[in-house]
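The values are calculated or read from the model by the stated rules, or taken from the named source; none is laboratory data. Quantities reported herein were computed from a predicted structural model and do not represent experimental measurements. Every residue, glycine among them, receives a Cβ derived from its backbone with ideal geometry; neighbour counts consider all protein chains shown.
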Amino acid sequence: MKNAIILHGTGDKNTNYWFPYLKKELEKKGFKVWLPQLPNADTPNIKDWLSFVVENGKFTSNTVLIGHSAGAMLILSILEKIKVKIKQAVLVSGYATSLRENSESKLKPKLNWNKIKKNVKDITFINSDNDPWGCNDKQGRIMLNKLGGTQIIKYGEGHMGSTTYKQPYKKFPLLIRLID
């Protein structure tokens, strides 16, 4: 059975932005979808998030991972840890390097790019050219260069979901088209 795991970012809730929309649309396509509320979202710790998702998630050759911002960084850490090659990963407003000295720096582990690459069949990076948090097209390009896959740049789209920058981003039809 096809399954999808949708992961939010720092300071977010699983009810924010396009997450519920994506869950509903993927369920219509026959996916079993897990959209967890990650622990301590305001002050995340990659070790806590990683153990929570790995212990509670289901990972098979039919799994699709979708992550936003720090949730995208979490996907990279999951791909290092799991022992199965999943079908697809989509990283929205993801990043590959530490962006600033704050709680998100806890989410930047040293990454084993070769392990990550071995554990995902298809990977897509979606970034904007004007992300106010720095999770921009340059960060997407770093990941693309390390892992291959596809990068999509959405011009003028900001963080594609941010309370601070008043980007409600309630729907994300592109994701529905990308995920199969």
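The table for this structure:
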read-out	value
Enumeration of residues in the range 1-17 that are in a loop (DSSP other than H, G, I, E, B), within 22 Å of residue 77 (Cβ to Cβ) and either in contact (Cβ under 8 Å) with a residue 40 or more places away in the chain or in contact with a Gly (Cβ under 6 Å, 6 or more places away or on another chain) (or both)	8, 9, 10, 11, 12, 16, 17
In the range 22-56, the residues that are surrounded by fewer than 13 Cβ atoms within 10 Å (Cβ to Cβ) and assigned to a helix (DSSP H, G or I)	24, 27, 28, 47, 55, 56
Contacts under 6 angstrom Cβ, first residue in the range 131-151 being in contact (Cβ under 8 Å) with a residue 24 or more places away in the chain and under 24 Å from residue 87 (Cβ atoms), partner small (Gly, Ala, Ser) and outside any loop (DSSP other than H, G, I, E, B), 6 or more apart	151/140
Residue identified as free of Cβ contacts under 8 Å to residues at least 60 places away in the same chain, under 19 Å from residue 82 (Cβ atoms) and part of a loop (DSSP other than H, G, I, E, B) among 115, 110	110
Filtered residues of the range 157-172 (kept if touching a residue at least 60 places away in the same chain (Cβ under 8 Å) and among the basic types (Lys, Arg))	170, 171
Breaking point among (1) exposed (fewer than 15 other Cβ atoms within 10 Å of the Cβ); (2) at pLDDT 95 or above; (3) not in a helix (DSSP H, G or I), for residue 91	(1)
Candidates 10, 43 - the one that is hydroxyl-bearing (Ser, Thr, Tyr), modelled with pLDDT under 95, over 21 Å from residue 118 (Cα atoms) and in contact with a Pro (Cβ under 9 Å, 6 or more places away or on another chain)	10
The range 52-65: number of residues that are small (Gly, Ala, Ser) and under 16 Å from the mean Cα position of the chain (by Cα)	1
Residue in the range 148-157 that is crowded, with 18+ Cβ neighbours inside 10 Å and hydrophobic (A, V, I, L, M, F, W, C) present	no
Qualifying residues in the range 57-86 (those that are free of Cβ contacts under 8 Å to residues at least 40 places away in the same chain, surrounded by fewer than 24 Cβ atoms within 10 Å (Cβ to Cβ) and not small (Gly, Ala, Ser)) - the one nearest to residue 110 (Cα to Cα)	80
Looking only at the range 162-178, and only at residues there that are modelled with pLDDT of 95 or more and surrounded by 20 or more Cβ atoms within 10 Å (Cβ to Cβ), the one that is farthest from residue 16 (Cα to Cα)	175
